1. How large is the helix-only mean residue ellipticity at 222 nm for the chain, computed as the sum of -39500 (n - 2.57) over DSSP H runs with n ≥ 4, divided by its residue count, in deg cm²/dmol to the nearest 500?
2. Can you give the charge dipole size of the chain about its Cα centre, rounded to the nearest 20 debye, using +1 on the beta carbon of Lys and Arg and -1 on the beta carbon of Asp and Glu?
3. Quote the charge dipole size of segment 124-266 about the Cα centre in Debye, to the nearest 20; the model charges only the Cβ of Lys and Arg (+1) and of Asp and Glu (-1).
4. Gain in length, E122 to N51, computed as 0.36 nm per residue apart minus the alpha-carbon separation, to one decimal in nm?
5. Do me a favour and compute the ellipsoid semi-axes for segment 207-266 from its Cα gyration tensor, root of five times each eigenvalue, largest one first, whole Å.
6. Tell me, in nm to one decimal, what length is gained between L218 and K239 on full extension, where the rule is 0.36 nm per residue of separation less the Cα-Cα distance?
7. Which order do the peptides 161-168, 70-77 take when ranked by the mean count of other beta-carbon atoms within 10 Å per residue, highest first?
8. Which percent of Cα pairs goes in each bin when the distances of the chain are cut into 10 angstrom slices starting at zero?
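The values are calculated or read from the model by the stated rules, or taken from the named source; none is laboratory data. Worth saying up front: this structure is predicted, and the values here are computed from it rather than measured. Methodologically, a virtual Cβ is constructed for each residue, glycine included, from the backbone with ideal geometry; neighbour enumeration extends over all protein chains shown. Side chains included, ligands, DNA and RNA excluded: accessible areas come from the protein's heavy atoms. Shrake-Rupley method; radii C 1.70, N 1.55, O 1.52, S 1.80 Å.
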Amino acid sequence: MKYLFLFLISTNVMAADADSNFYNLCKTTLQNNPKALPVCETIYQKFFVKNNTSDIVNIQPSDVGAPASPIDSKVQFFIFNDPNFVSGMAYCYFVYRNWITPSSVSPDTLAMSASGFSILNEEIPAYQKWLVSAVEGKKCKATVEKEAEVSVANLENALKGKVALIGLNPFALINSPDITSDSVMKEMTLTVNHERVHAYQVACPEFEKWSIKEWEKLPFATKNTYIKKYPSYTWSIPKVAGREYIAFLYENAPANVGEHITKCKF
C-alpha cells in the first residue's frame, strides 16, 4: 500500500467554484500560490469538469497515463473530487489494519495528506464486523461521520467481484512543494502502477511468494536503503516487505511484472 502522507483559477471560475469540491478547495487554500493554481485548473478540466457533482469519479489507468494491465478488470479505479471521501472509504480500514493510529492521524489529516492508496480484498468481512460490533470500530465510524461528515463505506459491497480498490486524491498532491501538472500526473501514474502490483500479489499467491523471496535474498545494505527511505512501512513483516519492495521496484516499469504472472489466472 502506497498511501502518501505528506489544488486552478480560470475564466469560468464561478461555474467551477459552484460545482466542484476540488475546485473550491483549490481556490480557498491555494489562492496565494501562483504555481499551484494553474495545476488545479488542469486537474479540474481533465477529471471533474464533466463530473462536478460527483464526490468520487471512476477512471481508467489510461486517464493518468498508466498502461493497461491484465488485472485491470478486477480493480476499481477512482479519483476523489471531495477528499472527505478518502476518510469515508479508507480511514477506519487503515485503523483496523493498524496502519495508522487515531491518536496521531485524524480523518481530516488523512483526507488532506493521503495522495493515493489501495484497499485489497483481504480481511474485509472481519473488518465490516469490527465496524459494527467492536468498541474501537464503532468509535472509529462515529469519528469519521462527525469529522469528515460522510458515511463509512461498506467495503464488502465495494469490493464485490474485485481484487482491489485504487483511489487517487489530487488535492494532497497539489499541496506538495514545487508542484507542476506533469509532476501530479506522474505521481498518479506511479500510484496506479504501484498499487496494481499489490492487486497481483493478492490475486496470485505464487507472485506473492516470489515477491517475499526476492526481498529476503537482498543484501542487508539494500534492505536498509528501503527501510530508511520508506520508514512508515513495517519492513520486519516479510509479507509487507515483499509487497512493497516489488511494488517500488516495478512502479516505473510495470511491464516487468508480466514475466512473473504468466501462470496466474484472473
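1. On the way: 13 runs with 126 residues, N = 266.
Counting only the DSSP helices, I get -13500 deg cm²/dmol.
2. Working: 26 positive and 26 negative charges, 148 e Å.
With only Lys, Arg, Asp and Glu charged at Cβ, the dipole is about 720 debye.
3. On the way: 19 positive and 16 negative charges, 111 e Å.
Here segment 124-266 has a charge dipole of around 540 debye.
4. Values: separation 71, 0.36 × 71 = 25.56 nm, distance 3.06 nm.
Fully extending the segment from E122 to N51 adds 22.5 nm.
5. On the way: eigenvalues 91, 30, 21 Å².
Its equivalent ellipsoid spans semi-axes of 21, 12, 10 Å.
6. Values: separation 21, 0.36 × 21 = 7.56 nm, distance 1.46 nm.
Difference between extended and current length: 6.1 nm.
7. On the way: 161-168: 21.5, 70-77: 18.4.
Averaged packing, sorted descending, gives the order 161-168, 70-77.
8. All Cα pairs, binned at 10 Å, distribute as 7, 29, 35, 23, 6, 0 percent.
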